[in-house]
Amino acid sequence: MFSINRIAVVAPDLRAADVAFNIRCLTGAYQQAVEQGASLVLFPAMAVSGKSCGVLLDQPYLLNSVSDGANEFALAAGSVPAVFGLPLVIDGKRYEAIAVAQNGEIAGYVVKDAPADAPVYAPGAVFDAGLKFSVNFAGDMPLPSMAHIHLFCGAEAEVPGLWQSRREFYRAVSRQGECAVAAAFAGSGESTGDQLYGGALLIGAHGEILSSRPSPARGAGMIFADIDRERINAALLHKNCTSDVDLLPLDDAPEADDWRYFSNPVHPFLPSDPVERNEFCRETFALQSIGLGERFLRCGAKKLVLGISGGLDSTLALVALAMMCNEYGLPMDTVLAVTMPGFGTTGRTKSNAVKLAELLGAEVREIPIAAACKQHFADIGHDPENTNSVYENSQARERTQILMDIANEVNGIVIGTGDLSEIALGWSTFNGDQMAMYSVNSSIPKSNIAALLEYAAQVLPGSAEILQDVIDTPVSPELLPLDENGEIAQKTEAILGAYEVHDYYLWHLVHGVSEPEKLFALAQHAFAGKYPDEELLRVRDLFMRRFFTQQFKRTAGPDGIQAGVVSLSARGAWMMPSDINGNLWRR
C-alpha cells in the first residue's frame with residue numbers, strides 16, 4: 001500500500017560442485033525469506049555450482065547438472081523474484097551469469113561479456129516487478145537507470161580490509177544514486193584449500209548501511225531490510241534520471257506486510273551512531289563558520305550583530321559566531337551580542353544569554369524593549385492588556401529594528417537565528433525575526449540543536465553548564481507575560497506539538513514522501529507508543545497547513561548558508577509559489 005518492499009540477501013551453506021545439495025539450500029533459504037515477507041531474494045554469484053570448482057567448471061557433466069538444478073530451483077520460485085548466480089554455456093563457451101527466476105521459470109539471464117547476438121542481457125539490466133532492480137556483478141559500477149535497487153552478486157576470496165572497502169563502495173553507490181543497493185558474496189562452504197570465501201551480505205540505501213553481515217563469517221546467513229520505493233522515485237525524478245537500459249517486465253512482487261526491517265529513525269536529520277554524530281556536528285559548525293566568515297569579509301563589515309535570548313537558536317548562532325572568529329583569527333568582540341528583555345523574558349534565559357556571551361568574549365549590550373513597545377501600542381491605539389498577535393509581533397519587530405539600526409551604527413551585519421523548523425512552519429514574525437542580513441541556522445532543524453550544543457560544550461571551555469541549561473529550557477519566544485511563579489508561560493511545543501514530530505514530517509516531505517496517510521503510518525511506526533495517534537495526526541495536519549501557507553515568509557527570507565542536509569531557500573532549493581494551493585496534502 002505504501003511502496004515498502006523487503007529485501008532478503010542470502011549466503012547459503014553451499015558445497016562446491018554438489019548441485020543437488022546447493023539447490024536444496026537455495027530452495028530452503030528462498031522459502032524462509034518469502035515466509036518472512038520478502039519482496040526479492042538475492043543470492044551470491046555461482047550459487048548453483050559454487051565458485052571454487054576449478055577446472056570442473058569446464059566439465060559438461062557438471063554444467064548440465066547446473067542447468068537442470070537452476071530450472072529445478074526456478075520451479076520453486078513464486079511471485080517473489082529470486083536472483084542467483086551460475087555458470088552458463090552459450091554457443092559452446094562458458095560464461096558467468098546471473099539468473100532471475102519468478103513464477104516457476106527463469107525470466108532472464110544477465111551475462112558478463114556475452115556475445116552481442118546472445119539472447120541474454122548485459123550487466124545493469126533492469127527487471128520491473130513493481131520494485132525495479134538492476135542486476136550486476138560485484139565490483140561493477142551500476143549503469144544509470146530508473147532502478148530502485150541495484151543488486152550485486154559476488155564470489156570474492158577474503159583478505160584483511162576487504163569488508164571495509166566493500167562496505168564503503170556500496171555506501172557510495174547508494175549515496176550517489178539516491179537508491180538502494182544489496183550485495184551477496186559466496187560463503188565459507190566454498191573450498192578453503194588456498195582461500196576463504198567469507199559470505200559477506202549487505203543492504204544499504206541513500207548512503208546508509210541498513211543491514212549487513214560482515215565477512216569473514218561462518219556458515220549460512222540471511223539479512224533483511226525494508227526500502228521505500230516512493231522516496232527513491234522522488235530522488236530519481238529530482239535528478240531527472242534517464243537511461244538507455246531497457247525495463248524487463250515481471251509480475252509485480254508483493255510488498256512487505258509489516259515494517260520490522262525498515263530503517264525509520266525518530267530523528268532522521270541526525271546520524272544515530274555517536275561517532276558519526278560527532279563528525280556531523282563538527283562539519284555543521286565548519287560550514288556555518290566558513291559561510292559566515294566569507295560573507296563577513298566580502299561585505300566589508302566591522303561587526304556581527306546578534307540578538308541573544310538564551311534560547312536554543314540564538315545560543316547556537318552565538319556559538320557559531322565564536323567558532324567563526326576563531327577560524328578567521330578575528331577578535332571575539334567582533335561579535336556585538338544584544339539582549340533585549342521584554343514582557344516575557346525570564347531571569348533564567350537572560351542570565352544564560354549574557355553569561356555565555358561574556359564567557360566567549362563578545363561585546364554585550366542590554367536594551368529593554370518594554371517601554372518602546374508600550375509607546376508603540378499607544379501610537380497605534382492597541383490595548384496592552386490584549387495579548388494578541390499585535391502584542392507579540394510588535395516585540396519581535398522592535399527587536400529587529402534595534403538590531404538593524406545598531407548594525408547601521410557600527411558598520412555591522414545582523415545575523416539571523418531562525419532555524420529550519422521555524423522556517424518550515426513559518427513560526428516567525430514577518431519582517432521581525434524572519435528578517436536578517438545573513439542567517440546561520442536556516443538549514444538546521446530544532447531537533448538537531450541539542451546535539452550541536454552538546455558538541456560545542458566539548459570544544460568551548462567552561463560552557464558546558466550554561467549550554468546544558470539552555471538545552472533544558474522550554475522552547476519559547478517569551479513574548480507573553482510570565483506566569484504567577486515568574487516562569488515561562490508561553491511554551492511553543494504546547495501549542496505546535498513536539499518539534500521532533502514536525503521535523504520528522506519535514507524530513508520525509510522534502511525527501512518525496514508527502515502522502516498524508518503514509519506520513520501518519522510512518523510516524524506511528526517511528527514514534528510507537530511515545531505519542532498518541534491523535535497527537536500525531538494533529539501535528540501532521542498543523543504541519544501541512546502551515547508549511548504550504550507560510551511559503552511567503554520563505555520567499556522573502558534572507559540569504560543563509562546551508563549547513564544542514566536540507567534547505568528551504570526559495571532561491572533554488574525549494575522553489576514554490578507563495579500562493580500555492582496545498583489542499584492535496586491536507587486530510
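The values are calculated or read from the model by the stated rules, or taken from the named source; none is laboratory data. Note that the structure is predicted; figures quoted are calculated from it, not measured. Note that each Cβ is placed from the backbone with ideal geometry, even for glycine, and that neighbours are counted across all protein chains shown. Surface areas here come from the heavy atoms of the whole protein model, side chains and all, with no ligands, DNA or RNA. Shrake-Rupley method; radii C 1.70, N 1.55, O 1.52, S 1.80 Å.
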Query raised in the report: LEU250 accessible area, nearest 10 Å², 1.4 Å probe?
Result: 30 Å²
Query - Heavy atoms of PHE269: accessible area, 1.4 Å probe, square angstrom to 10 - result: 10 Å²
Query raised in the report: Based on the alpha carbon coordinates of the stretch 492-587, what radius of gyration and maximum Cα-Cα distance (Dmax) apply, in Å?
Result: 13.8, 39
Report summary line: If one compares the long axis through the Cα atoms of helix 60-75 with the longest principal axis of the Cα atoms of the chain, the angle in degrees, nearest 10, works out at 50 degrees
Requested in this report: Would you compute, from DSSP H runs of 4+ residues alone, the mean residue ellipticity of the chain at 222 nm, taking -39500 (n - 2.57) per run and dividing by the full residue count, rounded to the nearest 500?
Outcome: -12500 deg cm²/dmol
**Report entry** Centre separation in Å (Cα based) which lies between the stretch 293-361 and the stretch 162-241
**Finding:** 45 Å
Query raised in the report: Using 1/(1 + (r/R0)^6) with R0 = 45 angstrom and r between the beta carbons of GLU72 and GLN176, what's the FRET efficiency to the nearest 0.05?
Result: 0.70
Report task. Find the Cα radius of gyration of the stretch 201-264, compare it with 2.2 N^0.38 Å by division, and give the number to two decimals. Result -> 1.41
Query raised in the report: Where in the stretch 409-439 does the label zone of GLU327 land, with the point 7 angstrom along Cα→C-beta and an amide N cut-off under 14 Å?
Result: 439
Report summary line: Looks like the stretch 112-204, by Cα gyration tensor root eigenvalues a ≥ b ≥ c and the a/c under 1.5 rounded cutoff (else prolate when a/b is bigger than b/c, oblate otherwise), is oblate
Query raised in the report: How many Å² of accessible area per residue for the stretch 270-339, probe 1.4 Å?
Result: 40 Å²
Requested in this report: Could you estimate the translational diffusion coefficient of the stretch 224-316 from the Stokes-Einstein equation, with Rh from the Kirkwood formula over C-alpha pairs, at 10 °C and 1.306 mPa s, in whole µm²/s?
Outcome: 84 µm²/s
**Report entry** Identified option (computed P(r) over Cα pairs in 20 Å bins from 0, in percent; candidates (i) 20, 54, 25, 2, 0; (ii) 19, 41, 26, 12, 1; (iii) 14, 34, 28, 16, 8, 1, 0)
**Finding:** (ii)
Report summary line: Neighbours of GLY486 by Cβ distance under 14 Å: Lys/Arg at +1, Asp/Glu at -1, summed charge -2
Query raised in the report: Out of the DSSP beta bridges found with both residues in the chain, what percent are antiparallel (nearest 5)?
Result: 50 percent
**Report entry** Area of GLU35 that stays accessible when all protein chains are in place (1.4 Å probe, Å², to 10)
**Finding:** 150 Å²
Requested in this report: Show the residues, 5+ positions off or on another chain, whose built amide H is closer than 5 Å to the amide H of LEU131.
Outcome: ALA253
Query - Two-decimal Rg/Rh across the stretch 178-228, once Rg and the Kirkwood Rh are taken from alpha-carbon atoms - result: 1.07
Report summary line: Of every Cα-Cα pair in the stretch 88-131, the percentage lying beyond 16 Å is 36 percent
**Report entry** For LYS374, net neighbour charge (Lys/Arg +1, Asp/Glu -1) across residues whose Cβ lies under 14 Å away
**Finding:** -4
Query raised in the report: When Lys and Arg each count +1 and Asp and Glu each count -1, what net charge do the other residues less than 12 Å away from PHE73, Cβ to Cβ, add up to?
Result: -2
Query raised in the report: In what order, largest first, do MET323, MET575 sit by accessible area if the probe radius is 1.4 Å?
Result: MET575, MET323
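What is the stretch 466-532 by shape, rounded, prolate or oblate, if you read a ≥ b ≥ c off the alpha carbon gyration tensor as root eigenvalues and call it rounded for a/c under 1.5, prolate for a/b larger than b/c, and oblate otherwise?
Values: a/c = 2.54, a/b = 2.42, b/c = 1.05.
Prolate.
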Query raised in the report: Hey, could you pull the Cα Rg and Dmax for the stretch 167-305, both in Å?
Result: 21.3, 72
Query - In degrees, nearest ten, helix 162-177 long axis to first principal axis of the chain (Cα) - result: 60 degrees
Report summary line: Rounded to the nearest 5, the percent of antiparallel DSSP beta bridges in the stretch 1-96 equals 45 percent
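Using a 1.4 Å probe, what is the accessible area per residue for the stretch 1-104, in Å²? It would help to have the intermediate numbers written out before the result.
Values: 3840 Å² over 104 residues.
Using a 1.4 Å probe on heavy atoms only, each residue of the stretch 1-104 averages 37 Å².
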Report summary line: Per 10 angstrom bin, beginning at 0 and ending with the bin that holds the maximum distance, the Cα pairs of the stretch 357-453 fall in percents of 14, 36, 36, 13, 1
**Report entry** Isotropic mean projected area of the C-alpha convex hull, the stretch 1-67 (nm²)
**Finding:** 5.0 nm²
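Based only on Cα atoms, what Rg/Rh ratio does the stretch 298-377 have, Rh being taken as Kirkwood's radius?
That ratio equals 1.03.
For a Förster distance of 56 Å, can you work out the FRET efficiency between the beta-carbons of LEU196 and MET576, rounded to the nearest 0.05?
Step by step, r from the Cβ atoms, then E = 0.55.
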Query raised in the report: Any idea how far the Cα center of the stretch 67-135 sits from the one of the stretch 499-532, in Å?
Result: 39 Å
Query raised in the report: From the square roots a ≥ b ≥ c of the eigenvalues of the alpha-carbon gyration tensor of the stretch 51-150, which class results: rounded (a/c under 1.5), prolate (a/b over b/c), or oblate?
Result: oblate
Report summary line: For the stretch 35-106, the percent of accessible surface on carbon and sulfur atoms (probe 1.4 angstrom, ligands and nucleic acids excluded) is 47 percent
**Report entry** Angle between the chain longest axis and helix 533-549 axis [Cα atoms, degrees, rounded to 10]
**Finding:** 70 degrees
Requested in this report: Would you mind telling me the share, in percent, of accessible area of the stretch 256-358 contributed by carbon and sulfur at probe 1.4 angstrom?
Outcome: 52 percent
